[in-house]
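Let me begin by presenting the structure, written as C-alpha coordinates, before commenting on it.
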Amino acid sequence: MRENLSYEQFGVAVRELAQTIADDGYEPDIVLSIARGGVFVAGGLAYALDCKNIHLVNVEFYTGVGTTLEMPVMLAPVPNAIDFTDKKVLIADDVADTGKTLKLVRDFCLDAVAEVRSAVVYEKTQSLVKCEYVWKRTDEWINFPWSVQEPVVRRSGQVLDA
Ligand code: 5GP
(Lines give C-alpha, C1' and ligand atoms only; values in the text may rest on other atoms or scores of the structure.)
Protein backbone atom coordinates (compact mmCIF):
# COMPACT_ATOMS: atom_id res chain seq x y z
CA MET A 1 0.00 0.00 0.00
CA ARG A 2 1.10 3.54 -0.76
CA GLU A 3 -0.02 6.92 0.46
CA ASN A 4 -0.42 9.07 -2.65
CA LEU A 5 -0.29 12.84 -2.34
CA SER A 6 -1.21 14.97 -5.36
CA TYR A 7 -0.04 18.54 -5.93
CA GLU A 8 -3.63 19.65 -5.27
CA GLN A 9 -3.78 17.81 -1.93
CA PHE A 10 -0.33 19.18 -1.07
CA GLY A 11 -1.66 22.72 -1.56
CA VAL A 12 -4.38 22.03 1.01
CA ALA A 13 -1.95 20.27 3.37
CA VAL A 14 0.55 23.11 3.47
CA ARG A 15 -2.14 25.73 4.19
CA GLU A 16 -3.65 23.58 6.94
CA LEU A 17 -0.19 22.98 8.44
CA ALA A 18 0.52 26.72 8.41
CA GLN A 19 -2.84 27.42 10.04
CA THR A 20 -1.99 25.02 12.88
CA ILE A 21 1.36 26.78 13.40
CA ALA A 22 -0.29 30.24 13.36
CA ASP A 23 -3.03 29.11 15.76
CA ASP A 24 -0.29 27.87 18.09
CA GLY A 25 1.22 31.37 18.11
CA TYR A 26 4.61 30.28 16.71
CA GLU A 27 6.07 33.05 14.54
CA PRO A 28 9.36 31.78 13.06
CA ASP A 29 12.08 34.22 11.95
CA ILE A 30 13.54 31.58 9.65
CA VAL A 31 12.10 28.59 7.83
CA LEU A 32 14.88 26.04 7.38
CA SER A 33 14.08 23.57 4.63
CA ILE A 34 15.61 20.14 4.29
CA ALA A 35 16.30 19.62 0.60
CA ARG A 36 15.03 18.41 -1.53
CA GLY A 37 11.49 17.44 -0.43
CA GLY A 38 11.35 20.00 2.35
CA VAL A 39 11.87 22.85 -0.11
CA PHE A 40 8.27 22.55 -1.36
CA VAL A 41 6.96 22.50 2.20
CA ALA A 42 9.17 25.39 3.34
CA GLY A 43 8.10 27.60 0.42
CA GLY A 44 4.41 27.04 1.09
CA LEU A 45 4.78 27.54 4.84
CA ALA A 46 6.93 30.67 4.49
CA TYR A 47 4.33 32.34 2.26
CA ALA A 48 1.41 31.25 4.43
CA LEU A 49 3.16 32.41 7.62
CA ASP A 50 4.44 35.60 5.96
CA CYS A 51 8.04 34.70 6.81
CA LYS A 52 10.48 36.08 4.21
CA ASN A 53 13.59 34.29 5.43
CA ILE A 54 14.20 30.79 4.04
CA HIS A 55 17.40 28.81 4.50
CA LEU A 56 18.24 25.42 3.08
CA VAL A 57 20.22 22.43 4.19
CA ASN A 58 20.91 19.46 1.92
CA VAL A 59 20.71 16.06 3.58
CA GLU A 60 21.25 12.74 1.83
CA PHE A 61 19.86 9.56 3.38
CA TYR A 62 17.49 7.56 1.16
CA THR A 63 18.86 5.72 -1.87
CA GLY A 64 15.52 4.12 -2.87
CA VAL A 65 12.14 3.01 -1.49
CA GLY A 66 13.02 2.00 2.08
CA THR A 67 16.78 1.79 1.41
CA THR A 68 19.11 4.23 3.12
CA LEU A 69 22.71 5.10 3.77
CA GLU A 70 23.88 4.08 7.25
CA MET A 71 23.31 7.59 8.57
CA PRO A 72 22.01 10.81 7.00
CA VAL A 73 24.75 13.26 5.99
CA MET A 74 24.65 17.00 5.49
CA LEU A 75 26.03 17.97 2.11
CA ALA A 76 28.10 21.09 1.53
CA PRO A 77 27.50 23.96 1.74
CA VAL A 78 26.35 23.56 5.33
CA PRO A 79 24.49 26.68 6.54
CA ASN A 80 26.34 28.96 8.94
CA ALA A 81 24.81 28.44 12.38
CA ILE A 82 25.71 32.06 13.21
CA ASP A 83 22.87 33.11 10.89
CA PHE A 84 20.44 31.42 13.31
CA THR A 85 21.71 32.98 16.55
CA ASP A 86 18.79 34.09 18.71
CA LYS A 87 16.33 33.29 15.92
CA LYS A 88 13.13 31.30 16.10
CA VAL A 89 13.57 28.56 13.52
CA LEU A 90 10.97 26.35 11.89
CA ILE A 91 12.47 23.25 10.27
CA ALA A 92 10.33 22.09 7.34
CA ASP A 93 10.42 18.67 5.72
CA ASP A 94 8.11 16.43 3.73
CA VAL A 95 8.17 13.43 6.10
CA ALA A 96 9.70 12.30 9.38
CA ASP A 97 10.14 8.57 8.73
CA THR A 98 12.92 7.22 10.95
CA GLY A 99 13.30 10.84 12.08
CA LYS A 100 17.11 10.61 11.70
CA THR A 101 17.25 13.39 9.12
CA LEU A 102 15.24 15.77 11.28
CA LYS A 103 17.26 14.89 14.35
CA LEU A 104 20.49 15.71 12.53
CA VAL A 105 19.19 19.13 11.49
CA ARG A 106 17.50 19.87 14.82
CA ASP A 107 20.68 18.99 16.75
CA PHE A 108 22.63 21.25 14.40
CA CYS A 109 20.29 24.14 15.32
CA LEU A 110 19.81 23.47 19.01
CA ASP A 111 22.95 25.15 20.35
CA ALA A 112 22.64 28.23 18.20
CA VAL A 113 19.02 29.26 18.06
CA ALA A 114 16.50 30.84 20.44
CA GLU A 115 13.91 28.19 19.64
CA VAL A 116 13.51 25.40 17.12
CA ARG A 117 10.36 23.58 16.11
CA SER A 118 9.65 21.18 13.25
CA ALA A 119 6.80 20.95 10.76
CA VAL A 120 6.24 18.01 8.42
CA VAL A 121 3.46 16.97 6.09
CA TYR A 122 3.72 13.36 7.32
CA GLU A 123 5.08 11.71 10.43
CA LYS A 124 5.46 7.96 10.81
CA THR A 125 5.02 6.09 14.10
CA GLN A 126 8.67 5.05 14.30
CA SER A 127 10.04 8.60 14.03
CA LEU A 128 12.49 9.29 16.83
CA VAL A 129 11.72 13.00 16.54
CA LYS A 130 8.18 13.97 17.48
CA CYS A 131 7.46 17.04 15.39
CA GLU A 132 5.49 19.92 16.88
CA TYR A 133 3.44 20.26 13.69
CA VAL A 134 2.22 17.32 11.59
CA TRP A 135 -0.44 17.37 8.89
CA LYS A 136 -1.05 13.61 8.66
CA ARG A 137 0.23 10.38 10.17
CA THR A 138 0.85 7.25 8.10
CA ASP A 139 3.11 4.23 8.13
CA GLU A 140 2.85 3.64 4.36
CA TRP A 141 5.52 4.65 1.85
CA ILE A 142 4.42 8.06 0.56
CA ASN A 143 4.43 9.01 -3.10
CA PHE A 144 5.08 12.74 -3.23
CA PRO A 145 4.06 14.56 -6.41
CA TRP A 146 7.57 15.94 -7.02
CA SER A 147 9.38 12.59 -6.83
CA VAL A 148 6.85 9.98 -7.95
CA GLN A 149 7.80 10.36 -11.63
CA GLU A 150 11.17 9.66 -13.23
CA PRO A 151 13.22 12.74 -14.15
CA VAL A 152 12.43 14.06 -17.61
CA VAL A 153 14.75 13.10 -20.43
CA ARG A 154 15.46 15.09 -23.54
CA ARG A 155 13.10 14.14 -26.37
CA SER A 156 14.95 13.13 -29.53
CA GLY A 157 14.63 15.45 -32.47
CA GLN A 158 13.79 18.38 -30.21
CA VAL A 159 15.12 21.67 -31.55
CA LEU A 160 16.29 23.68 -28.57
CA ASP A 161 17.80 26.73 -30.30
CA ALA A 162 16.16 28.73 -33.05
P1 5GP B 1 14.05 9.93 7.76
O2 5GP B 1 15.42 10.45 8.07
O3 5GP B 1 13.00 10.55 8.65
O4 5GP B 1 13.98 8.43 7.78
O5 5GP B 1 13.71 10.31 6.27
C6 5GP B 1 13.70 11.62 5.83
C7 5GP B 1 13.71 11.76 4.33
O8 5GP B 1 13.69 10.50 3.64
C9 5GP B 1 12.48 12.48 3.85
O10 5GP B 1 12.68 13.88 3.86
C11 5GP B 1 12.29 11.93 2.45
O12 5GP B 1 13.09 12.62 1.52
C13 5GP B 1 12.77 10.50 2.55
N14 5GP B 1 11.65 9.60 2.85
C15 5GP B 1 11.42 8.95 4.01
N16 5GP B 1 10.26 8.25 3.98
C17 5GP B 1 9.72 8.47 2.75
C18 5GP B 1 8.51 8.05 2.11
O19 5GP B 1 7.64 7.33 2.66
N20 5GP B 1 8.31 8.48 0.83
C21 5GP B 1 9.22 9.27 0.18
N22 5GP B 1 8.93 9.65 -1.08
N23 5GP B 1 10.37 9.71 0.76
C24 5GP B 1 10.62 9.31 2.03
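The values are calculated or read from the model by the stated rules, or taken from the named source; none is laboratory data. The structure presented is a predicted model; accordingly, all values stated were derived computationally and were not measured. For neighbour counting, all protein chains shown are included, and Cβ atoms are generated from backbone atoms with ideal geometry for every residue, glycine included. Remember, those area values only see protein heavy atoms, side chains included, never the ligands or the DNA or RNA. Shrake-Rupley method; radii C 1.70, N 1.55, O 1.52, S 1.80 Å.
For the range 119-145, name all the residues that are open to solvent by 20 Å² or more (accessible area, probe 1.4 Å), near the ligand (Cβ under 9 Å from one of its atoms) and in contact (Cβ under 8 Å) with a residue 60 or more places away in the chain.
Residues satisfying the conditions are 140, 141, 143.
Sort through 41, 12 and tell me the only one that's modelled with pLDDT of 95 or more and in contact with a helix residue (DSSP H, G or I) (Cβ under 9 Å, 6 or more places away or on another chain).
41
Is one or more of the residues making up the range 40-53 of a type in the set (Lys, Arg) and in contact (Cβ under 8 Å) with a residue 12 or more places away in the chain?
Pass one, the range 40-53, residues of a type in the set (Lys, Arg): 52.
Next, only the ones that are in contact (Cβ under 8 Å) with a residue 12 or more places away in the chain stay: none.
There is no residue in the range 40-53 that is of a type in the set (Lys, Arg) and in contact (Cβ under 8 Å) with a residue 12 or more places away in the chain.
Looking at this structure, is residue 27 touching a residue at least 40 places away in the same chain (Cβ under 8 Å), closer than 19 Å to residue 136 by Cβ and among the acidic types (Asp, Glu)? First the steps, then the outcome.
Details: touching a residue at least 40 places away in the same chain (Cβ under 8 Å): yes; closer than 19 Å to residue 136 by Cβ: no; among the acidic types (Asp, Glu): yes.
No, not satisfied.
Scan the range 27-47 residue by residue and report those that are more than 15 Å from the ligand (Cβ to nearest atom) and of a type in the set (D, E, K, R).
Matches in the range 27-47: 27, 29.
Within the range 43-60, is there a residue that is farther than 21 Å from residue 137 by Cβ and touching a Cys at 6+ places or on another chain (Cβ under 8 Å)?
Within the range 43-60 (the criterion being farther than 21 Å from residue 137 by Cβ and touching a Cys at 6+ places or on another chain (Cβ under 8 Å)), the answer is no, since none of the residues qualifies.
Hey, among 50, 24, 93, which residue is of a type outside the set (Val, Ile, Thr), within 13 Å of the ligand (Cβ to nearest atom) and at pLDDT 95 or above? Spell out the reasoning first.
On the way: 50 fails: within 13 Å of the ligand (Cβ to nearest atom); 24 fails: within 13 Å of the ligand (Cβ to nearest atom).
Exactly one of 50, 24, 93 is of a type outside the set (Val, Ile, Thr), within 13 Å of the ligand (Cβ to nearest atom) and at pLDDT 95 or above, namely 93.
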